[in-house]
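Written below as structure tokens is the structure these notes are about.
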Amino acid sequence: MNLVKYEAFVKVSELGNITKVAKELGYSQPGISHMLDSLEAEFGFPLLIRGKDSIHLTNDGMQILDYCKQVIENEAMLQNVVAQINGLVSGSINVGATSSSLQDFAVKLVHNFTSTHSSIKVRIYEDCITGLKNRLASGEIDVAITTDNIPDGFSFWPLVHDPACLILRDDHPLASYDEVPIEALNDCDMIMPIPYWDDNILLVQKAQPFEPNITHYTASDTASVTMVKENMGVYIMTRIQAINLPKHVVVRDFAVPITRPIGVAARPMKTQSPAVKEFVKSARHFASAYRLPQG
């Protein structure tokens, strides 16, 4: 069985463009087109509707899509089991991670894993918590380094507790506090992340409601920290994010400790490949020695 044409079909369903699929899989555009034509001939019915700028699946193509994904996944699991029987753990893992965890924790975790498991290829996907939840459910990623907001039927292994904190200029009035009372944020000029990336501020507001004066909306921590540096408002982060801050930007904890669990989420271990099982095991070991950044 030629699995590459199944992979090409699945990738076309995700990307909707043969050129993008060819680039991702490392084939020429005519080569991908030939694979898709071959798969349609093999099945005996059209799988794709080819438009001028994009490709869509036919109704028949939609019906077989999940089965094609299962063929690819089963082949990967077969090869991993064979490798394990031969005394090796190999394969590949798609790991999703939140932007906040990638500031320090997730990067160090993955680097620690790949340096001791060179036969396992790891690919990282950055996304928001909601995006990671959807990627897990669709099977696009095998593991997520995220909070405990996960799809039904998945398992979560907490690794560290990440406290929320306030980022502000060292000459800001609230910088005089060792620990900032949450009520002090009422009417305070604050930089707000765009929807779906605003989980940190929502975490604090859930613990104790407050109404800031929102001055700007951002899509990245880098932009937010730069605005803080220019005295354009304060910003809520977590300790894992609050590293390598520029001069005159400081971190203050809240008077009421507010933390969230960061861990790994995946399908139950009994259904997982040896590579994923090894990743979760390594992550739990790494977390036992991890220390939060102090800002």
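Scanning the range 279-295 for residues that are outside any loop (DSSP other than H, G, I, E, B) and aromatic (Phe, Trp, Tyr) yields Phe279, Phe286.
Scanning the range 164-185 turns up no residue that is within 17 Å of Arg284 (Cα to Cα) and of a type in the set (A, V, I, L, M). Within the range 32-54, the set of residues being assigned to a loop (DSSP other than H, G, I, E, B) and open to solvent by less than 20 Å² (accessible area, probe 1.4 Å) comprises just one member, Leu47. Say whether the condition of being without any contact (Cβ under 8 Å) to a residue 40 or more places away in the chain, among the hydrophobic types (A, V, I, L, M, F, W, C) and surrounded by 19 or more Cβ atoms within 10 Å (Cβ to Cβ) is met by at least one residue in the range 107-118. Within the range 107-118, one or more residues are without any contact (Cβ under 8 Å) to a residue 40 or more places away in the chain, among the hydrophobic types (A, V, I, L, M, F, W, C) and surrounded by 19 or more Cβ atoms within 10 Å (Cβ to Cβ). When Gly26 is tested against the conditions (1) under 11 Å from Lys5 (Cβ atoms); (2) loosely packed, with under 12 Cβ neighbours inside 10 Å, the lone failure is (1). Here Tyr217 does not fit the description of being among the aromatic types (Phe, Trp, Tyr), surrounded by 21 or more Cβ atoms within 10 Å (Cβ to Cβ) and under 16 Å from Asp189 (Cβ atoms). Based on what the data block shows, is Ser101 of a type in the set (Gly, Ala, Ser) and open to solvent by 30 Å² or more (accessible area, probe 1.4 Å)? So Ser101 fails the test. Pairs are defined by a Cβ separation below 6 Å, a sequence spacing of at least 6 or placement on different chains, a first member in the range 270-288 that is farther than 18 Å from Asn94 by Cβ, and a second member that is open to solvent by less than 70 Å² (accessible area, probe 1.4 Å) and of a type in the set (A, V, I, L, M); the pairs so defined are Phe286/Leu109; Ala287/Leu159; Ala287/Val160.
Going by what's in this entry, would Asn231 be described as out of contact with any Ser or Thr (no Cβ under 7 Å at 6 or more places or on another chain), more than 26 Å from Asp142 (Cα to Cα), in contact (Cβ under 8 Å) with a residue 40 or more places away in the chain and not basic (Lys, Arg)? Spelling it out, Asn231 is indeed out of contact with any Ser or Thr (no Cβ under 7 Å at 6 or more places or on another chain), more than 26 Å from Asp142 (Cα to Cα), in contact (Cβ under 8 Å) with a residue 40 or more places away in the chain and not basic (Lys, Arg).
Listed here are the residues, each with its yes/no results for (1) buried (at least 21 other Cβ atoms within 10 Å of the Cβ); (2) of a type outside the set (Lys, Arg); (3) touching a helix residue (DSSP H, G or I) at 6+ places or on another chain (Cβ under 6 Å); (4) more than 19 Å from Ala144 (Cβ to Cβ).
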site: Met232; (1), (2), (3), (4): no, yes, no, yes
site: Ile240; (1), (2), (3), (4): yes, yes, yes, no
site: Pro246; (1), (2), (3), (4): no, yes, yes, yes
site: Asp253; (1), (2), (3), (4): no, yes, no, yes
site: Gly263; (1), (2), (3), (4): yes, yes, no, no
site: Arg267; (1), (2), (3), (4): no, no, no, no
site: Thr271; (1), (2), (3), (4): no, yes, no, no
site: Ala283; (1), (2), (3), (4): yes, yes, yes, no
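The single condition from (1) in contact with a strand residue (DSSP E or B) (Cβ under 9 Å, 6 or more places away or on another chain); (2) at pLDDT below 95; (3) among the aliphatic types (A, V, I, L, M); (4) under 30 Å from His285 (Cβ atoms) that Leu65 fails is (4).
You will find that of Val225, Val250, Val256, Val276, the residue that is β-branched (Val, Ile, Thr) and part of a loop (DSSP other than H, G, I, E, B) is Val256 and no other. Restricting attention to the range 55-80, the residues that are small (Gly, Ala, Ser), open to solvent by 40 Å² or more (accessible area, probe 1.4 Å) and more than 25 Å from the chain's Cα centre (by Cα) add up to 0. Among the residues of the range 122-139, those identified as out of contact with any helix residue (DSSP H, G or I) (no Cβ under 8 Å at 6 or more places or on another chain), buried (at least 16 other Cβ atoms within 10 Å of the Cβ) and not hydrophobic (A, V, I, L, M, F, W, C) are Gly131, Lys133, Arg135.
The values are calculated or read from the model by the stated rules, or taken from the named source; none is laboratory data. A quick note: this is a predicted structure, and the numbers were derived from the prediction, not measured. Here Cβ is always computed from backbone atoms with ideal geometry, including for glycine, and neighbour counts include all displayed protein chains. The area values use the complete protein model at the heavy-atom level, side chains included, leaving out ligands, DNA and RNA. Shrake-Rupley method; radii C 1.70, N 1.55, O 1.52, S 1.80 Å.
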